[in-house]
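Inspection log for the structure reproduced underneath, given as structure tokens.
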Amino acid sequence: MSTIDINYAAKLARIGLTDSEKGRFAKDLSTILDYINKLNQLDTGQVPSTSHVIKLQNVFREDKVLDSLTTDQALDNAPMKDGTSFKVPRVL
Amino acid sequence: MGLNELTAHEMLAKIKKKEICSHEVVKDIFKQIECFEKDINAYVFLDKQASLNQAKARPAGIPVAVKDNICTKGKPTTCGSKILSGFRPPYNAGVIQKLEASKAVFIGKTNMDEFAFGSSTETSCFGPTRNPWNLKTIPGGSSGGSAAAVSADQAILAIGSDTGGSIRQPAAMCGVVGLKPTYGRVSRFGLIAFASSLDQIGVITKDVEDAALLLNMIAGHDPCDSTSVDLAVPDYTQVLRAGVKGLKIGIPKEYFGRGIDREVEDSVRNAIKKLSDLGAECREVSLPHTEFAVSVYYILAPAEASSNLARYDGIQYGYRAKEENLLDTYFDTRKQGFGREVKRRVILGTYALSSGYYEAYYIKAQKVRTLLKKDFDKVFSRYDLILTPTSPTPAFNIGEKINDPLKMYLSDILTIPVNLAGLPAVSIPCGFTASGLPIGLQIIAKPFNEEAIFKCAYAFEQNTGYHLKKPEIEHK
């Protein structure tokens, strides 16, 4: 049976969970990981990994200034703003 | 017959003869929406007057519905999530720019599983969409709103997105055509990212000719998307009538048998026979690593999603929890803003990428992805197409799988390998169950060979006619 440290994973993901969610996710994710572990049946020692199906390469364009969003447009959806900045709660 | 029941090519023919104009079609679409939307819940945003005004200005414009994870300038784009409530993008997605250039008429935004995480359109914060063929059942997911809207004649055409089958599976369950193009064929600029190496925008339509027409409108290179491929786009409507004579079709044995509903298998076997009768050469082939595809997907997709969804922290846009300090704001915004399935997948993805597990899960999955892709390469070295069922079962009941994530994940078992290999594939109607639910046939091709798909799909459709049957929608 696979186990997952829900508190640790949720902390890394910056997601608050209720106690009932913690219990439920621990059970769900164990079942999912048990299923996923069937990959260990395969010997992949000599197999290269595929992170992307198309050949990724640098994409260049002419060094020309193009239009971009204005400050007002960029701030338009902000939950809180102050002048030309996003306003956030204190860090410490 | 209301004008909303027309296909796009029928509509264009009538417009050419000056029999109708777009405004009349849009009026009929909204009549249908007003009649059935409270039962189906296909849309999350509609602005009737704006659509009618646009249709007046564009007398030949084809009405299109757009999945709610595609950015539409100034119009709500929420991904079916509370965390994006109130978000109105300051720009149009690449596909929307192309639809604008084609003078399409915008009908509304369609319902979807939250952040496209799901196979049933039950995880939307706007409530589930219902299948027009039977309101007790799901429409499939995550583009269930788009598929239901087209199936119920609440749109002429629709745009969806497909990360693990999210266009093809709902198309199969709603009895319409759903095409996922080759990865890179259509711009992903402005598609709200779920799993970037798998996501692809595609089309949901009433028939195959419309799918070719709509793909013509949205395909092509976009400098704003570095994964968009700079290849000439053929006119897909020109290949439709080429027939299937001489096409070599592989039937992978791993896609039949255990876990596949008997009625689904029978319909697909009949479809294979039909295509053989029409002149295609159908032979059994093997894709030996198929059974590992769901495991690979449920590592890679949540891993990419956990990274993509890190941006929803309540700072730049969307919902923000009221907290005293920044860290609590992050935790509570995501606690309150995300639904259960999003939290489950983000945590799974974060875990798979975390120190100590990255090699065992993420790298391992990428290596098995290589094996899956090689399986397809091998078959496509000898065959033009692969035929399979689209979904192992017809539409299931609302609530039936929602509390069993693994069971839900297995709904996409036949569509996921296509995304992992970046291939194009379509689902077209190929029959009905005894209880009247649609069944889908999946046709897969090698990269950038959408033309072979269109030839085969059109020949099957024109020689069978399953696409002509309409749901008799009942009120709840």
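The values are calculated or read from the model by the stated rules, or taken from the named source; none is laboratory data. Note that the structure is a prediction, hence the values are computed from the model and not measured. Quick reminder, even Gly has a Cβ in these numbers, built from the backbone with ideal geometry, and neighbours come from all protein chains shown. Please note that ligands, DNA and RNA were not included when accessible areas were found on the heavy atoms of the full protein model with its side chains. Shrake-Rupley method; radii C 1.70, N 1.55, O 1.52, S 1.80 Å.
Assorted remarks:
- Total residues in segment B:399-449 satisfying the condition of being part of a loop (DSSP other than H, G, I, E, B), within 20 Å of B:GLU291 (Cβ to Cβ) and without any contact (Cβ under 8 Å) to a residue 40 or more places away in the chain: the figure is 1.
- Test result for A:ARG61, at the interface with another protein chain (Cβ under 7 Å from one of its Cβ atoms) and over 25 Å from the mean Cα position of the chain (by Cα): yes
- Among the residues listed as B:ALA13, B:ALA50, the single one being without any contact (Cβ under 8 Å) to a residue 24 or more places away in the chain and open to solvent by 10 Å² or more (accessible area, probe 1.4 Å): B:ALA13
- Of the residues in segment B:371-381, at least one is more than 7 Å from chain A (Cβ to nearest Cβ) and farther than 16 Å from B:THR290 by Cα.
- Only listed residue being at the interface with chain A (Cβ under 7 Å from one of its Cβ atoms) and either open to solvent by less than 10 Å² (accessible area, probe 1.4 Å) or closer than 22 Å to B:ILE416 by Cα (or both), chosen from B:ALA360, B:ALA321, B:ALA352, B:ALA365: B:ALA365
- B:THR388 vs. criteria β-branched (Val, Ile, Thr), touching a Gly at 6+ places or on another chain (Cβ under 6 Å) and open to solvent by less than 10 Å² (accessible area, probe 1.4 Å): no
- Check on A:ARG14, open to solvent by 80 Å² or more (accessible area, probe 1.4 Å) and without any contact (Cβ under 8 Å) to a residue 12 or more places away in the chain: yes
- Being more than 7 Å from chain B (Cβ to nearest Cβ), assigned to a helix (DSSP H, G or I) and within 30 Å of B:LEU371 (Cα to Cα) is a property that A:ASN7 lacks.
- Options B:PRO405, B:PRO394; residue that is closer than 19 Å to B:VAL426 by Cα and not aliphatic (A, V, I, L, M): B:PRO394
- Being modelled with pLDDT under 95 and open to solvent by 20 Å² or more (accessible area, probe 1.4 Å) holds for only one residue in B:ASP230, B:ASP235, and it is B:ASP230.
- Just one of the listed residues (B:GLY202, B:GLY257, B:GLY246) is under 20 Å from B:PRO170 (Cβ atoms) and away from chain A (no Cβ under 14 Å), and it is B:GLY202.
- Summed over segment A:64-92, residues that are at the interface with another protein chain (Cβ under 7 Å from one of its Cβ atoms), in a loop (DSSP other than H, G, I, E, B) and of a type in the set (S, T, N, Q) total 1.
- Scan of segment B:303-326 for residues that are farther than 11 Å from A:ASN77 by Cα, without any contact (Cβ under 8 Å) to a residue 60 or more places away in the chain and part of a loop (DSSP other than H, G, I, E, B), ordered by number: B:ASP313, B:ARG320, B:ALA321, B:LYS322, B:GLU323, B:GLU324
- Candidates B:SER355, B:SER381, filtered to the one that is at pLDDT below 95 and among the small types (Gly, Ala, Ser): B:SER355
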